[in-house]
Structure formats: structure tokens, C-alpha cells
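A quick write-up on the structure given underneath.
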Amino acid sequence: MFRFFSRSLMARLVTLFLLAAIIPLIIVAALSFYYSESALRNAAFNQLSSINEIKKNQILNFLTKRLVDLNILSKSRDIHKNFDLLLAYHDAGGENPNGPFEVNTDEYKAIYEQVDPFFREYLEGYGYHDIYFICKVHGHVMYTADKQIDLGTNLKIGALRESGLAKVWSRVLQEKRIVMVDFSDYAPSKGPAAFIGAPVYGKDKEIYAVLALQISIREIDAIMQERTGMGNTGETYLVGPDFLMRSNARFDKETTILRKRVDTAAVHRALEGMKGIDVVDDYRGE
């Protein structure tokens, strides 16, 4: 019987010693897992926050540079020289106050060939989608590099009077400064377009024209879809106050600008002026 109790006691002691050794190991392993998971989570969040801040600054710098470029261009001698040619034709009978600007005459085509190289070189050098010269009084589009249906249109009373181009022309004249208008559908471009515009002043210090540029969506997407540090599933995108995208989604083949709605908790908080990090469902339900 003594041997039985000895063996029983030894078994209990061995079990207790094993438990005493294993429990701390389990606790250490659990704590290590918890802190490792927390560290990895924090590292991932910090990386996303850094990418977010970088993208934000890149977009702001991109737009600021476009406004500075336009301001310089609107004051250049070449702009005034080329516009004087268009304005002389406009004032000599090429304009129709209640209709379009005449762009089908031989005289206009000769002027266009003369002014086009300068504007086209500027577009190709700076990466804009299109450039527009618009008269002050009627909103006649007297020049556009793309030569779509907007060339010659009357922005005051024509078919494009509600367009983003018409809005930028109107706002420049009202506010007498460089302005930008948000994305909206623009028929000549067959899709969404955003514009910036600047006043062009004559020798009498009065505005006599508006110079406008259509911002290239490709340039914005090049910033937003650059994937360094984001892995296979990371994505950054711009969203407007109407909860519609202002950049193209990485995982969509078709344009998502003004087409994809992003009504998520993160967007709501951002539009309320908040910033932060959280785990939420995205616009794809993931």
C-alpha cells in the first residue's frame, strides 16, 4: 500500500511539475501571439496611414501645380499673341451672339493652323487632356485642341451651357480668379471631366477671355493606382461629397469616376472632417 501511495504521489507530483512548466509556456506563447499579431496589425495600419498621407499630398501637389501652370500660361506673351488673332476674327464677324462661333471658314482654319502648334506642344508637354480659349462676352469656344463638338459652341446659350466647361467660364468671370470645377459628365469627351480656368487680361487690365484646361484623368490615376507597399489587394481612391468616386478603381476595367458609389463608414467619417484607422467593410463588401 505504501508503494501504491508513493507511486500515486509521484504521478501527481510529475503532473504538477509538468503543468507548472507547460502553463507558463502556454501563457508566454499566447502573449507572444497576441503581441505579434498586435505588432503586425499596427505595422500594417501605420503603412496604410503613410501611403494615405503620401497619396493625399501627391494629389494636392498635382492640383496646385496645375493651377500655377495655368496662371503662368494665362499671362504669357504667346497666349496674348495667339488670342489676338482669334479675337480679331471673332470681332470681325466670326461670332454670332445668339449662336455658335464660325469655325468652318477658310479664314478660321488658317488661324487655327497658326495657333495650334503652340497649344498642342503645351498639352503634350504638361499632360493635359485639352485646352480651350473662350471669349468673355458669349462664351464662344474659339479654340480647342481636340476639335470635338465643343469647338465653336456658345457656352452661354448652347447645348453645353450646363457643362463643367460652361461653369468654369462663368465662375472665372464672376470671381475674377483661377478656379476649378468638380468632375461632371462632359459629352464631347464621352465621360467625366474636370476643368480649371483662368482669366486672360487685356492691355486695359480688363478680362477679355478665359483660358481653360481639362485635367487628365490618366495623371490622377497614375498617382492613385501606384501600388508600392500595398500588396495584391491594397487600393487608394478619391471620393466626392456625393459619395461617387473621383478616380478609377484599381479592380474595375470600366471607368468608376461618377459611376461607383462608395457609401462606407470610412467615407462618412472623412466627409465629416475626421481622420483615423479602423477595420470596416469597403465598397466591394470586403
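The values are calculated or read from the model by the stated rules, or taken from the named source; none is laboratory data. Since the model is a prediction, treat every value here as computed from it, not as a measurement. A quick note on method: Cβ atoms are made from the backbone with ideal geometry, for glycine too, and the neighbour counts reach across all protein chains shown. All accessible areas refer to the heavy atoms of the entire protein, side chains included, with ligands and DNA or RNA removed. Shrake-Rupley method; radii C 1.70, N 1.55, O 1.52, S 1.80 Å.
A few notes on this one:
- Which numbered condition GLY125 fails, given (1) within 20 Å of the chain's Cα centre (by Cα); (2) assigned to a loop (DSSP other than H, G, I, E, B); (3) of a type in the set (Gly, Ala, Ser): (2)
- Taken over region 198-232, the criterion of being open to solvent by 70 Å² or more (accessible area, probe 1.4 Å) and either in contact with a Leu (Cβ under 7 Å, 6 or more places away or on another chain) or at positive phi (or both) is satisfied by LYS205 alone.
- The set of residues in region 93-136 that are among the aliphatic types (A, V, I, L, M) and in contact with a Phe, Trp or Tyr (Cβ under 9 Å, 6 or more places away or on another chain) comprises VAL103, ILE111, VAL115, ILE131, ILE134.
- Residue in region 37-56 that is farthest from SER247 (Cα to Cα), counting only those that are open to solvent by 80 Å² or more (accessible area, probe 1.4 Å) and touching a residue at least 40 places away in the same chain (Cβ under 8 Å): GLN47
- Taking the listed residues ILE59, ILE72, ILE111, ILE79, the one that is hydrophobic (A, V, I, L, M, F, W, C), within 16 Å of TYR208 (Cβ to Cβ) and either open to solvent by less than 90 Å² (accessible area, probe 1.4 Å) or out of contact with any strand residue (DSSP E or B) (no Cβ under 6 Å at 6 or more places or on another chain) (or both) is ILE79, with no other qualifying.
- Here GLU102 meets each of (1) open to solvent by 20 Å² or more (accessible area, probe 1.4 Å); (2) not in a loop (DSSP other than H, G, I, E, B) with one exception, condition (2).
- Of the residues making up region 245-283, those that are within 17 Å of ALA193 (Cβ to Cβ) and open to solvent by less than 40 Å² (accessible area, probe 1.4 Å) number 7.
- Matching entry among ALA187, ALA265, ALA166 (being under 30 Å from ASN46 (Cβ atoms), over 18 Å from the mean Cα position of the chain (by Cα) and small (Gly, Ala, Ser)): ALA265
- For region 211-236, the set of residues classified as in a loop (DSSP other than H, G, I, E, B), under 21 Å from the mean Cα position of the chain (by Cα) and at pLDDT below 90 consists of SER216, GLN225, GLU226, ARG227, THR228, GLY229, MET230, THR233, GLY234, GLU235, THR236, listed by residue number.
- Scanning region 155-171 for residues that are surrounded by 23 or more Cβ atoms within 10 Å (Cβ to Cβ) and in contact (Cβ under 8 Å) with a residue 40 or more places away in the chain yields LEU165, VAL168, TRP169.
- For TYR208, the conditions (1) assigned to a strand (DSSP E or B); (2) within 18 Å of the chain's Cα centre (by Cα); (3) hydroxyl-bearing (Ser, Thr, Tyr) all hold with the exception of (2).
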